[in-house]
Amino acid sequence: MAMHERKTIDLDQGWEFMQKGITKLKNILEGLPEPQFSSEDYMMLYTTIYNMCTQKPPHDYSQQLYDKYKESFEEYISFTVLPSLREKHDEFMLRELVKRWLNHKIMVRWLSRFFNYLDRYFIARRSLPALNEVGLTCFRDLVYNEIKVKVRDAVISLIDQEREGEQIDRALLKNVLDIFVEIGLLSMECYENDFEAAMLEDTAAYYSRKASNWILEDSCPDYMEKDRVSHYLHSSSEPKLLEKVQHELLSVNATQLLEKEHSGCHALLRDDKVDDLSRMCRLFCRIPRGLDPVSQIFKQHVTAEGTALVKQAEDAASNKKAEKKDIVGLQEQVFVRKVIELHDKYLAYVNDCFQNHSLFHKALKEAFEVFCNKGVAGSSSAELLATFCDNILKKGGSERLSDEAIEETLEKVVKLLAYISDKDLFAEFYRKKLARRLLFDKSANDDHERSILTKLKQQCGGQFTSKMEGMVTDLTLARENQASFEEYLSNNTQVNPGIDLTVTVLTTGFWPSYKSFDLNLPAEMVKCVEVFKEFYQTKTKHRKLTWIYSLGTCNINGKFEPKTMELVVTTYQASALLLFNASDRFSYSEIMNQLNLTDDDVVRLLHSLSCAKYKILNKEPNTKAISPTDYFEFNSKFTDKMRRIKIPLPPVDEKKKVIEDVDKDRRYAIDASIVRIMKSRKVLGHQQLVMECVEQLGRMFKPDFKAIKKRIEDLITRDYLERDKDNPNLFRYLA
């Protein structure tokens, strides 16, 4: 049976049929009464195109149909769409545009279905733009390009109205802006160039105008821009939009905002406006280097507060009586406490308001370094801190605190120490005071003593605390030693001196250096010393004992006429008083010769016994000062309501000696540092050597350039270094 020959459709006839379908679609879009497409209608239209594209040449009309597809859109746009848009303005034009774009997309969808065969074969083979793209491009070239400026201006005008508080149709704006995005066919170019650039410019201008007013009115807006993005702008606009707003509101006016009298950064810090400071930090961290000026103001503010505390303490100290100047008093204790409170307050600001930002940690550190290195009333901050610790750790100190509070306070003191440049000076003062606490049993709690040493070790390194740790360990060993001595005496009753003797054996290297004079001990005490020496020989043959009598104490009985009393005195005072067992009256020079002490010590000693609260000795003449021509006799009439009294010996002012010791140690440290550097570098210029030396020693103290220069000269004379013959600023290491 022969195959049925398909009837050839010519172009005009076929297109006439297609035109009917396209007109029906246009009518439906325009809202005219027209029945919907049935599946038969759709199949007829699709088949017509299919047939016209699959006929044998010259009746293959694929190219002509492709062109006519495009012409259908151009015609509809020119005769229907554009006139309807041209006659409307502003919001009405936007509504019409949204409607027309929606219709256009429906038309593209239907027509590309009718002409689908073109897409599948003809277009694919020729690499031509797809039907969908052709349809959308027609709208872009004919409609969008003509009205985009009017549309953009209308949208920006609505955004400005909303910024001023008017209600607008956000859904409409969203639909219009979607056209800018969709018309780019997967590219954001149209949106960015035709709308966004102008919108950002308008935003900048708007906020620039507003910012000046807000600054004058001292008010700040609710930032609505993020909200705007979420409702109708494309999400890619958010960072750019916020950057513009921040630039106009913050960057341009940063200085004015920060320096405003009632709401600037200074004012917020002054009035402790924590929430406002947090807000300011969150805002300014968004602009490049925005936090720099804030941290500078913070630093100035903290420095000023700290310097005011120093001045306050200075004034309080200068109002005190002149004779008490050298003793670090209660005022200075209050000063350290206030500095700790200041640090607590602003560290909390850094952690909470300023989001723990490193810039603010640096600002806090620099501010505290400024005033923490200022002295108060002749006492360096290193000494003040050491005394503050002493007050907390000794029995009967002025600070009455619970164990937790002591731990917490010590932690804070160690934090403050980080800001002090003369850490070695603190260490020496602290060591002196620690020695007094340990030797005279004044330490309130061993655990606290060890705890602060652990904290200091973490902060400043093992070398910093090694001697102090040695001191604490020494005392434990000394107690064990004393127990052995007592056991030795009970086993060898024939050597018992008949006096209760406690000896504390210490390791020389750990403890501060003390003067050890050859005090002429009374016979009773000489026997005690001999007995202990014999005992110690049984334990070790290689250690030499040096007796520090200035640290000893003694309990002696004074037989006065009214009653016998127990006197708690130092070894020096006891030695002087025991002289009066042999004679009732001695001259100053006799006492001095018999005891073999210096003038200063004898004056202090006799003053404590004859001119102070307890007059155990009577002095002739009866004046307040001791002079070399005075005579002293035993005051047999002395009495007191207590049976046991402690006669204090005024302490020598150790400050001068501590400072001298530290200076001496510093000379050694500088020498060691220079030799270390030169040993590794062999040849080095003067400037670089000084800088490296400062860097190496900076953790413990700030070496003085002159001191370094002096030490270099000294090392040259001692043949550790030599100057270069041609360049006097160059040094060589001599092995």
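The table for this structure:
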quantity	calculated
Test: residue 339 is within 20 Å of the chain's Cα centre (by Cα), over 14 Å from residue 295 (Cβ atoms) and buried (at least 19 other Cβ atoms within 10 Å of the Cβ)	yes
From 529, 505, residue being closer than 21 Å to residue 570 by Cα, in a helix (DSSP H, G or I) and of a type outside the set (Gly, Ala, Ser)	529
Members of the stretch 635-694 that are outside any loop (DSSP other than H, G, I, E, B), touching a Phe, Trp or Tyr at 6+ places or on another chain (Cβ under 8 Å) and closer than 30 Å to residue 557 by Cα	645
Filter result (open to solvent by 30 Å² or more (accessible area, probe 1.4 Å) and among the polar types (S, T, N, Q)) within the stretch 374-422	380, 398, 402
Qualifying helices (runs of 4 or more DSSP H) (wholly inside the stretch 53-125; at least 2 residues being acidic (Asp, Glu) and surrounded by fewer than 20 Cβ atoms within 10 Å (Cβ to Cβ))	62-76, 90-114
Residue that is farthest from residue 370 (Cα to Cα), among those in the stretch 687-713 that are touching a residue at least 40 places away in the same chain (Cβ under 8 Å) and open to solvent by 50 Å² or more (accessible area, probe 1.4 Å)	687
The listed residue being open to solvent by 60 Å² or more (accessible area, probe 1.4 Å), of a type in the set (A, V, I, L, M, F, W, C) and modelled with pLDDT under 85, out of 612, 582	582
The stretch 3-45, subset exposed (fewer than 15 other Cβ atoms within 10 Å of the Cβ) and of a type in the set (Gly, Ala, Ser), residue farthest from residue 59 (Cα to Cα)	31
Subset of the stretch 532-554 (residues that are in a helix (DSSP H, G or I) and without any contact (Cβ under 8 Å) to a residue 24 or more places away in the chain)	533, 537
Condition met for residue 481 (out of contact with any helix residue (DSSP H, G or I) (no Cβ under 7 Å at 6 or more places or on another chain) and open to solvent by 50 Å² or more (accessible area, probe 1.4 Å))	no
Set 623, 546, 571: member being surrounded by fewer than 17 Cβ atoms within 10 Å (Cβ to Cβ) and closer than 28 Å to residue 658 by Cβ	546
Sole residue being charged (D, E, K, R) and within 27 Å of residue 26 (Cβ to Cβ), chosen from 163, 125, 152, 109	109
Any hit, the stretch 293-305, residues being modelled with pLDDT of 85 or more and under 19 Å from residue 386 (Cβ atoms)	no
The one condition in (1) more than 26 Å from residue 640 (Cβ to Cβ); (2) open to solvent by less than 60 Å² (accessible area, probe 1.4 Å); (3) more than 57 Å from the chain's Cα centre (by Cα) that residue 530 fails to fulfil	(2)
Verdict on residue 652 being touching a helix residue (DSSP H, G or I) at 6+ places or on another chain (Cβ under 8 Å) and open to solvent by less than 40 Å² (accessible area, probe 1.4 Å)	no
Any hit, the stretch 621-628, residues being of a type in the set (A, V, I, L, M), at pLDDT below 85 and more than 30 Å from residue 483 (Cα to Cα)	yes
Filter result for residue 194 (within 21 Å of residue 133 (Cα to Cα), in a helix (DSSP H, G or I) and modelled with pLDDT under 80)	yes
Residue check for residue 522: out of contact with any Gly (no Cβ under 7 Å at 6 or more places or on another chain), farther than 23 Å from residue 579 by Cα, open to solvent by less than 30 Å² (accessible area, probe 1.4 Å) and not aromatic (Phe, Trp, Tyr)	no
For residue 365: the one exception among (1) open to solvent by less than 60 Å² (accessible area, probe 1.4 Å); (2) out of contact with any Lys or Arg (no Cβ under 6 Å at 6 or more places or on another chain); (3) part of a helix (DSSP H, G or I)	(1)
Neighbours by Cβ (under 6 Å, 6+ apart or cross-chain): first from the stretch 486-499, within 16 Å of residue 524 (Cα to Cα); second of a type outside the set (Val, Ile, Thr) and open to solvent by less than 70 Å² (accessible area, probe 1.4 Å)	496/489; 497/528; 499/528
Single residue of 496, 492, 445 found to be at pLDDT below 85 and more than 30 Å from residue 530 (Cβ to Cβ)	445
Scan of the stretch 431-462 for residues that are within 26 Å of the chain's Cα centre (by Cα), assigned to a helix (DSSP H, G or I) and more than 19 Å from residue 403 (Cβ to Cβ), ordered by number	457, 458, 459, 460, 462
First in the stretch 170-189 and closer than 22 Å to residue 130 by Cα and open to solvent by 60 Å² or more (accessible area, probe 1.4 Å), second anywhere and among the acidic types (Asp, Glu) and in a helix (DSSP H, G or I), Cβ under 6 Å, 6 or more apart	none
Answer residue from the stretch 306-321, given it is among the aliphatic types (A, V, I, L, M) and at pLDDT 80 or above and is surrounded by the most Cβ atoms within 10 Å (Cβ to Cβ) among those	313
Single unsatisfied condition, residue 539 versus (1) open to solvent by less than 50 Å² (accessible area, probe 1.4 Å); (2) of a type outside the set (Val, Ile, Thr); (3) within 26 Å of residue 477 (Cβ to Cβ)	(1)
When residues of the stretch 714-735 are limited to those that are open to solvent by 80 Å² or more (accessible area, probe 1.4 Å) and outside any loop (DSSP other than H, G, I, E, B), the one nearest to residue 676 (Cα to Cα)	732
Where residue 605 falls short, out of the listed (1) closer than 21 Å to residue 479 by Cβ; (2) of a type outside the set (S, T, N, Q); (3) open to solvent by less than 60 Å² (accessible area, probe 1.4 Å)	(1)
Hits in the stretch 9-43 (condition: assigned to a helix (DSSP H, G or I) and aliphatic (A, V, I, L, M))	11, 18, 22, 25, 28, 29, 43
Any hit, the stretch 147-161, residues being among the hydroxyl-bearing types (Ser, Thr, Tyr) and either buried (at least 18 other Cβ atoms within 10 Å of the Cβ) or in contact with a Phe, Trp or Tyr (Cβ under 7 Å, 6 or more places away or on another chain) (or both)	no
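The values are calculated or read from the model by the stated rules, or taken from the named source; none is laboratory data. As the structure is a computational prediction, the values presented were derived from the model and not from experiment. Quick reminder, even Gly has a Cβ in these numbers, built from the backbone with ideal geometry, and neighbours come from all protein chains shown. When the accessible area is computed, the model is the full protein with side chains, heavy atoms only, and any ligands, DNA or RNA have been set aside. Shrake-Rupley method; radii C 1.70, N 1.55, O 1.52, S 1.80 Å.
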